[in-house]
Amino acid sequence: MDFSLTEHQDDFKSSALEFARSKLNDAVQERDKNNEFSRSGWEACADFGLQGVLVPEKYGGLGLDALYYAAIMEGIGQGCKDNGLVFSVNAHILTCILPLLLHGSDELKENYLPGLVSGELIAANAMTEPDSGSDVYALRTSAVKGNDHYLLNGSKTFVTNGPVADVIVVYAATNKGGGFFGLSCFLVEKNSPGLFIGEKIEKMGLRTSPMSELGFNNCKVPASNLIGEEGAGGLLFSSSMEWERGLILAHCVGIMDRLLSDCRNYARTRKISGQPISSHQSISHKLAEMKVRVETSRLLLYKAAWCKTMKKPATLETSLAKLSISESYIENCREAMQIYGGYGYMVEYELERELRDALASSLYSGTSEIQRNIISSLLL
Ligand SMILES: Cc1cc2nc3c(=O)[nH]c(=O)nc-3n(C[C@H](O)[C@H](O)[C@H](O)COP(=O)(O)OP(=O)(O)OC[C@H]3O[C@@H](n4cnc5c(N)ncnc54)[C@H](O)[C@@H]3O)c2cc1C
């Protein structure tokens, strides 16, 4: 068993860290306050190759595997403080590019993947609805087939990238009441007649990642924009979710590493009654617990990424990674704030933003409760 990255993977991770640190941290505090998405940051990520890490070279990507993705994203998280931007890029790749790459027709891949990789196109994913969240397969948006098109009707909410998206992966029922096997998946262009993009939804954290509702009123989508077979939407969604659960928090391992290093430095230099606060066991033990959470998160992340790379079943591994990393990430942000005392609560120190951003990780891509349901169902 070898726990180290290869030299090549490590080089990618280091260059991702350097890239993120030097190119993605402009005015994050200001943009967070103003809910502002960075289009230039998006393009810089594409120039670096981020959107194309998992995409074959023939479509303009780097053609790398899930282990590289985990390593590169860990480096990005270590260097980048714009968590909203990274969240938007992750949503674009894991919930849009991947379903298209793994299940789309050659025509769809040729038409859209080059733009999705180059940074020209931004993608969003629309599954959640006002009346279906964790019970995803109970969605109500319908798709009725015409001669050469489908007509979509319904509404979606919490659509990450919705306000800036050029294309949207939409799940809808082609067989109402058919549940899992009644769903289909479509690639919908933003200018499709009958598609309405709602106002930006304001969030507590990840504020530089834009979000909106979507409405479909007899929205006409060419039949050729069906991703996979009609009725395969449920399978497609669950396969896409496995990738998402396994990899969407890779950058958070990098963030946790950065926070730990900051906390270590702070604890050694902050003196109270003439003593560094690190001399108190209550503080040094916090650092030890943070380190345990960083290392267990990293092990679970790379185990999940290894399973995906080796094409092994990964339902358990990806749920373990999603549950454990999200809860560790939130806990480490809380502990970082405690170590910094009152300063940690102040906007200037950027820890309150980290905590606000972190809290969403136990909600998106399946809540912690749903991950526990998946894990326990595999145990019992
Ligand atoms: C930042 C962010 C970005 C998002 N981006 C997208 C996106 O791009 N596209 C998209 O489609 N959706 C997106 N979502 C939506 C997200 O997937 C849902 O919020 C999530 O699936 C939970 O659904 P819900 O909010 O309706 O909560 P509900 O399903 O209403 O759940 C409420 C509470 O009940 C619990 N619960 C529900 N069912 C069960 C159960 N069976 N067992 C135990 N507990 C249960 C939940 O865990 C939760 O605590 C995003 C959400 C967030 C926060």
Subject >> Packing-based ranking, highest mean first, of 21-31, 48-58 given that Cβ atoms within 10 Å are counted >> reply: 48-58, 21-31
Subject >> Spin-label model distance (nm) - L380 vs F3, 7 Å beyond Cα toward Cβ >> reply: 3.3
Original post:
Near K156, which aspartates and glutamates are there with a Cα under 19 Å away, not counting those fewer than 8 places off in the same chain?
Top reply: E129, D131, D135, D166, E189, E199, E202, E213
**OP:** Hey, can you grab everything whose amide H is under 5 Å from the amide H of E230? Only 5+ residues off in sequence or another chain; H modelled, so Pro and N-termini drop out.
**Re:** none
Original post:
If you plug each phi of segment 239-244 into the Karplus form 6.51 cos²θ - 1.76 cosθ + 1.60 with θ = phi - 60°, what whole-Hz ³J(HN,Hα) values come out, in order, with x for Gly and Pro?
Top reply: 5, 5, 5, 5, 4, 4
Subject >> segment 140-187 and segment 256-335: distance between their alpha carbon centers, rounded to Å >> reply: 38
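Suppose a student asked you for the relative contact order of segment 124-233, using Cα pairs under 8 Å spaced at least 6 residues apart; what percent would you report?
Values: 277 pairs, mean separation 34.8, N = 110.
So the answer I get is 32 percent.
Per the Cauchy relation, a quarter of the hull surface: what is the mean projected area of the convex hull of the alpha carbons in segment 324-366, in nm²?
On the way: hull surface 10.9 nm².
Projected over every direction and averaged, the Cα hull of segment 324-366 covers 2.7 nm².
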**OP:** Take the alpha-carbon centre of segment 226-253, take the same for segment 1-66, and report the distance between them in whole Å.
**Re:** 20
**OP:** Would you grab the residues whose amide H sits under 5 Å from the one on N125? Only those 5+ places off in sequence or on another chain, please, with H modelled 1.01 Å from N.
**Re:** T160, V169
**OP:** Please determine, in degrees from 0 to 90 and to the nearest 10, the orientation of helix 250-269 with respect to the longest principal axis defined by the Cα atoms of the chain, where the helix direction is its Cα long axis.
**Re:** 20
**OP:** Per residue of segment 91-108, in order, report the coupling 6.51 cos²θ - 1.76 cosθ + 1.60 (Karplus, θ = phi - 60°) as ³J(HN,Hα) in whole Hz, putting x for Gly and Pro.
**Re:** 4, 4, 6, 7, 10, 10, 4, 5, x, 5, 5, 7, 10, x, 6, 4, 4, 4
Subject >> Kirkwood-type radius of segment 249-379, with distances r between different C-alpha atoms, in Å >> reply: 15.7
**OP:** Quick one: which residues, 5+ away or cross-chain, put their amide H under 5 Å from the amide H of G198? H built at 1.01 Å from N.
**Re:** E213, L214, G215
Original post:
In a GNM of the chain with a 10 Å cut-off on Cα contacts, which of V144, V117, V221 has the highest mean-square fluctuation?
Top reply: V144
**OP:** Using a 10 Å cut-off on Cβ atoms, rank the peptides 356-366, 176-186, 340-350, 131-141 from the highest mean neighbour count down.
**Re:** 356-366, 176-186, 131-141, 340-350
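Can you quote the Å³ per residue value for the convex hull of the Cα atoms in segment 124-233, rounded to an integer?
On the way: hull volume 10.0 nm³, N = 110.
Here the figure is 91 Å³ per residue.
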Subject >> Signed unit charges on C-beta, dipole axis of the chain, positive-most listed residue M127, S362, G41 >> reply: S362
Subject >> Computed [θ] at 222 nm, deg cm²/dmol, the chain (DSSP H ≥ 4; -39,500 (n - 2.57); rounded to nearest 500) >> reply: -16000 deg cm²/dmol
Original post:
Where Rh denotes the Kirkwood radius from the mean inverse Cα pair distance, what is Rg over Rh for segment 7-122?
Top reply: 0.98
Original post:
Ordered by residue, what ³J(HN,Hα) values in Hz, to whole numbers, does segment 347-364 give under the Karplus form 6.51 cos²θ - 1.76 cosθ + 1.60, where θ = phi - 60° and Gly and Pro are x?
Top reply: 3, 4, 7, 6, 7, 5, 5, 4, 5, 4, 5, 5, 4, 5, 5, 8, 10, 6
Subject >> Residue (of I255, F186, G146) at the positive-pole extreme of segment 120-270, dipole from beta-carbon charges >> reply: I255
Subject >> Coarse-grained scattering of segment 239-326 at q = 0.23, 0.26 Å⁻¹, given as base-10 log I(q)/I(0) from a Debye sum over alpha-carbon atoms >> reply: -0.98, -1.15
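How large is the direction-averaged shadow of the alpha-carbon convex hull of the chain, in nm²?
Values: hull surface 77.3 nm².
Computing the convex hull of the Cα atoms and averaging its projections yields 19.3 nm².
We did not get these values from a lab; they are worked out from the coordinates using the rules stated. Bear in mind the structure is a predicted one, so any value in this text is a computation, not a measurement. So basically every Cβ, Gly included, is an ideal-geometry build from the backbone, and we count neighbours across all protein chains shown.
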